[in-house]
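Engineer: Here it is: the structure, laid out below.
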Amino acid sequence: MTSLGPLRHPARATASGSRGWFRGASVLMAVGLLFVTGCASTYVAEEGPSGRPSTCRFGPLVRRVASETQVDPGLIAGVAAVESRWNPRAKSRSGARGLMQVMPSTARGLRCGDLYEPLEGLRCGARLLARLLERYAGSEPYALAAYAQGARGVDAAYRAGRPAPRQPFLDKVQRERARWLEACRRGDP
């Protein structure tokens, strides 16, 4: 590997005035930000016929994990779409990782591997969903509320017989679930 020497921006040496340097520096900053945040990973969204990222790209993996965990594939797909927009390299500010945005400490408790690997990330999130569905007697609203905000507050509502906390996450998951089921039934790539 060769040494780059002192950090100089090419635009600074060639542009006359500060305007050229500023434009070049802002491009460098944007590229650097992509690498720092992990958005410039090897993940490339495949596009469906509409030109948008395909919602069925991970369909075979979703179905495999659904079969292993006995969790509805539409529910798994809905959570993955909302949590990561199908980016297996996604990482939240709080540290949640992968397609299903599972915290590493939760993943260790579920005996999961690399959350950035699509199959393992889906499997881990589906295991968590399966446990939450079992905990709340199959109630998706309670399970999704606990998935999004943690089980403590949801447990209190469940024991008291109150409805599950309503939140935008639940509505988004249901919308993405329906979208995924429709797109994959039609056979979009």
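The values are calculated or read from the model by the stated rules, or taken from the named source; none is laboratory data. Note that the structure is predicted; figures quoted are calculated from it, not measured. Note: ideal-geometry Cβ built from the backbone for every residue, glycine included; neighbour counts use all protein chains shown.
Engineer: List, please: which pairs have Cβ atoms under 7 Å, are six or more places apart or on different chains, and start with a residue in the stretch 157-178 that is of a type in the set (A, V, I, L, M) and end with one that is outside any helix (DSSP H, G or I) and surrounded by 12 or more Cβ atoms within 10 Å (Cβ to Cβ)?
Structural biologist: Every condition considered, the pairs that remain are Ala157/Ala164; Ala157/Pro165; Ala164/Ser139.
Engineer: Considering the stretch 135-162 alone, what residues qualify as being of a type in the set (Gly, Ala, Ser), under 18 Å from the mean Cα position of the chain (by Cα) and not in a loop (DSSP other than H, G, I, E, B)?
Structural biologist: Ala143, Ala145, Ala146, Ala148
Engineer: Restricting to the stretch 76-102, count the residues that are surrounded by fewer than 22 Cβ atoms within 10 Å (Cβ to Cβ), outside any loop (DSSP other than H, G, I, E, B) and hydroxyl-bearing (Ser, Thr, Tyr).
Structural biologist: Summing the residues that are surrounded by fewer than 22 Cβ atoms within 10 Å (Cβ to Cβ), outside any loop (DSSP other than H, G, I, E, B) and hydroxyl-bearing (Ser, Thr, Tyr) in the stretch 76-102 gives 0.
Engineer: Sticking with this structure for a sec: For the stretch 103-134, which positions are of a type in the set (A, V, I, L, M) and either outside any helix (DSSP H, G or I) or not assigned by TED's automatic domain parsing to the domain that holds Asp155 (or both)?
Structural biologist: Met103, Leu110, Leu115
Results for (1) of a type in the set (Phe, Trp, Tyr); (2) touching a residue at least 24 places away in the same chain (Cβ under 8 Å); (3) over 24 Å from Ser139 (Cα atoms); (4) in contact with a helix residue (DSSP H, G or I) (Cβ under 8 Å, 6 or more places away or on another chain), shown as yes or no for each residue.
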{"position": "Glu68", "(1), (2), (3), (4)": "no, yes, no, yes"}
{"position": "Val71", "(1), (2), (3), (4)": "no, yes, no, yes"}
{"position": "Leu75", "(1), (2), (3), (4)": "no, yes, no, yes"}
{"position": "Ala81", "(1), (2), (3), (4)": "no, yes, no, yes"}
{"position": "Pro104", "(1), (2), (3), (4)": "no, no, yes, no"}
{"position": "Gly109", "(1), (2), (3), (4)": "no, no, no, no"}
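Engineer: A further question on this structure: If I ask for residues that are at pLDDT 95 or above and farther than 17 Å from Met100 by Cα, which ones from the stretch 160-177 would you list?
Structural biologist: none
Engineer: Scan the stretch 163-180 for residues that are part of a helix (DSSP H, G or I), surrounded by 18 or more Cβ atoms within 10 Å (Cβ to Cβ) and among the aliphatic types (A, V, I, L, M) and jot them down.
Structural biologist: Passing the criteria: Leu170, Val173.
Engineer: May I pose another question? Taking Ala148 as the residue in question, decide whether it is within 18 Å of Ala126 (Cα to Cα) and surrounded by 12 or more Cβ atoms within 10 Å (Cβ to Cβ).
Structural biologist: yes
Engineer: What pairs come up if the first residue lies in the stretch 131-152 and is modelled with pLDDT of 95 or more, the second is surrounded by 20 or more Cβ atoms within 10 Å (Cβ to Cβ) and not in a helix (DSSP H, G or I), and their beta carbons are under 6 Å apart, counting only those six or more places apart or on different chains?
Structural biologist: Tyr142/Tyr136; Ala143/Tyr136
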